[in-house]
Amino acid sequence: MKKTIRILAVVLCLVLAVSALSGCTIKLNVTVNHQGGSSAQANNTPAPTAAPTAAPTAAPTAAPTPTTQADKPAESKPAENKPAESKPAENKPAASELSSSSSKEDIVAEYVKVYNTTKKAGTFKGHDEMTLVEVLIDGKDNSMIKNAAKGMVKAEGTDMPLPPYSDDNPCNECLTTAADIATATYTDNGDGTATIKLVPIATTNSKKFSDAQGNMFNVMEDVKPTVESISILKWSEGTTDDNVVLKCDGGYAEVTYDKATKMMTKADYTLITIAEVQHANILIFKDKSATAKFDYKMLYPG
């Protein structure tokens with residue numbers, strides 16, 4: 001990673017230098033890496049005339065028995081419908097499993113389990129790749145410089161554990177929390193595996209192990225010493241801290257894992273960094289700006 005940081009800084013400065021030396025006419029692009037109702041009414045009012053004559057004779061003999069017998073069956077009907085009320089309970093077990101509609105918190109909690117299980121196993125290793133995606137000088141680009149810079153940008157890491165980590169901190173416990181994540185998606189692949197994709201919130205001048213991007217990636221940092229080592233680079237105003245900014249935005253971690261063992265089978269950690277330099281003086285050229293966008297991937301296994 002230290003080598004990658006040096007490459008990033010050197011590319012930025014060389015882009016500025018080449019632009020300056022060519023009269024600032026060269027512009028550049030570089031590539032790293034949801035009811036219804038019804039009613040019914042019935043009105044029977046003409047019956048009062050027949051009721052006084054028929055009621056004394058028919059009521060004592062036939063009326064008492066038919067009415068009570070007819071009413072009793074009706075009272076038992078509600079009890080016959082009770083079994084239907086228990087059907088919704090049959091679907092409850094599915095609620096404990098993750099799905100595409102699960103909350104961000106639940107998806108992140110699953111990711112943490114998978115990360116910890118996989119990293120502690122110590123056998124899931126990968127490699128890195130870096131692409132210089134875009135380079136702009138004063139807001140403009142040039143394919144010639146883009147192609148020239150591409151050859152300088154390389155990543156050669158192998159046998160790499162899951163990020164983040166450093167020489168003195170293997171970071172065997174996942175640092176990512178739901179508060180770090182902008183979006184989280186879960187996909188059941190139907191073959192005993194599932195895929196989780198997490199996009200962390202954007203940060204500026206991220207620090208490893210200390211913010212949303214640094215909790216997930218091996219972020220680029222400590223560019224200042226390399227920038228200040230380039231003697232022809234000066235600032236028209238401000239300092240290196242003011243004029244060199246690294247923005248991490250749009251990156252993601254996408255992992256596929258065995259649902260039974262919680263072990264990853266495939267992973268893609270893509271860090272997207274936008275490096276911005278402003279107010280740069282190079283030789284006789286004053287107050288120039290440059291922007292470089294890098295994609296830095298850590299791919300597993302590999």
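The values are calculated or read from the model by the stated rules, or taken from the named source; none is laboratory data. Keep in mind that this is a model prediction, so the values were computed, not measured. Here Cβ is always computed from backbone atoms with ideal geometry, including for glycine, and neighbour counts include all displayed protein chains. Accessible surface is based on the protein model in full, side chains and every heavy atom, while ligands, DNA and RNA are left aside. Shrake-Rupley method; radii C 1.70, N 1.55, O 1.52, S 1.80 Å.
Numbers below:
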read-out: Flag for residue 295 being modelled with pLDDT under 95, surrounded by 17 or more Cβ atoms within 10 Å (Cβ to Cβ) and within 30 Å of residue 120 (Cα to Cα); value: yes
read-out: Verdict on residue 169 being among the polar types (S, T, N, Q), modelled with pLDDT of 90 or more and within 20 Å of residue 116 (Cβ to Cβ); value: yes
read-out: Pick from region 248-274, criterion part of a strand (DSSP E or B), of a type in the set (S, T, N, Q) and closer than 20 Å to residue 187 by Cβ, ranking: most open to solvent (accessible area, probe 1.4 Å); value: 265
read-out: Some residue of region 283-300 being assigned to a loop (DSSP other than H, G, I, E, B) and of a type outside the set (D, E, K, R); value: yes
read-out: Unmet criterion (only one of (1) at pLDDT below 95; (2) β-branched (Val, Ile, Thr); (3) open to solvent by 40 Å² or more (accessible area, probe 1.4 Å)) for residue 153; value: (3)
read-out: Test: residue in region 113-128 that is of a type in the set (A, V, I, L, M), over 14 Å from residue 300 (Cβ atoms) and open to solvent by 20 Å² or more (accessible area, probe 1.4 Å); value: no
read-out: Restricting region 160-202 to residues that are assigned to a strand (DSSP E or B) and small (Gly, Ala, Ser), the residue that is least open to solvent (accessible area, probe 1.4 Å); value: 194
